[in-house]
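Trainee: Below you will find the structure I want to go over with you.
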Amino acid sequence: MASPLGEEELLLLGVCAVALYKKKKRIRSRKWTKDWLLKRDQYTHTNLLQELRLEPGDWCNYLRMDAATYHHHLSLIAPRIERLDTCMRRAITPHERLTATLRYLATGRSYEDLKYSTVISAQAFVTESRPTS
């Protein structure tokens, strides 16, 4: 038969239980998506593109092609790069994906750098534009 616990053992057991409780409470789960990435509609580069449509020269300078050529390419590639919305987030539209890829090709900036101006995570860029190693 086991001997009953003394006061010191009970106190030590209580301290351990409190420490374990606090440790579990400190462990926070990681977010699936950063909050600012969820606000893509508010911060995205497509808002700028809507304004650039009024200035064809600026549009051409930004994407390195005129609007007619861009829309032709978009109609050809959209079915291949289109994604479906999920219960977790809204999908990146083919327009957003293509313009982000064109900015990558036009500027040579890194995906990490482009994610701030396009509000698209670096992992979500069109994989065909990624360099192979």
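The values are calculated or read from the model by the stated rules, or taken from the named source; none is laboratory data. In this text, all values refer to a predicted model and were calculated from it rather than measured experimentally. When we count neighbours, we look across all protein chains shown, and the Cβ atoms used for this are built from the backbone with ideal geometry, even at glycine.
Trainee: Residues being surrounded by 12 or more Cβ atoms within 10 Å (Cβ to Cβ), within 25 Å of the chain's Cα centre (by Cα) and not basic (Lys, Arg): count how many of those fall in the range 72-91.
Mentor: Within the range 72-91, residues that are surrounded by 12 or more Cβ atoms within 10 Å (Cβ to Cβ), within 25 Å of the chain's Cα centre (by Cα) and not basic (Lys, Arg) number 7.
Trainee: Ok, one more. Can you name every one of the helices (runs of 4 or more DSSP H) wholly within the range 1-50 that holds 3 or more residues which are surrounded by 10 or more Cβ atoms within 10 Å (Cβ to Cβ) and at pLDDT 75 or above?
Mentor: Answer list for the range 1-50: 7-26.
Trainee: Continuing with the same structure: Need the failing condition index for ILE92 against (1) of a type outside the set (Asp, Glu); (2) farther than 19 Å from PHE125 by Cβ; (3) modelled with pLDDT of 85 or more, just the number.
Mentor: (2)
Trainee: Looking at this structure, is ARG64 exposed (fewer than 12 other Cβ atoms within 10 Å of the Cβ) and either polar (S, T, N, Q) or more than 12 Å from the chain's Cα centre (by Cα) (or both)?
Mentor: Criteria not met by ARG64.
Trainee: Tell me, which residue of the range 95-133 that is of a type in the set (A, V, I, L, M) and over 23 Å from ARG53 (Cβ atoms) is modelled with the highest pLDDT?
Mentor: Step by step, filter the range 95-133, then rank; the result is ALA122.
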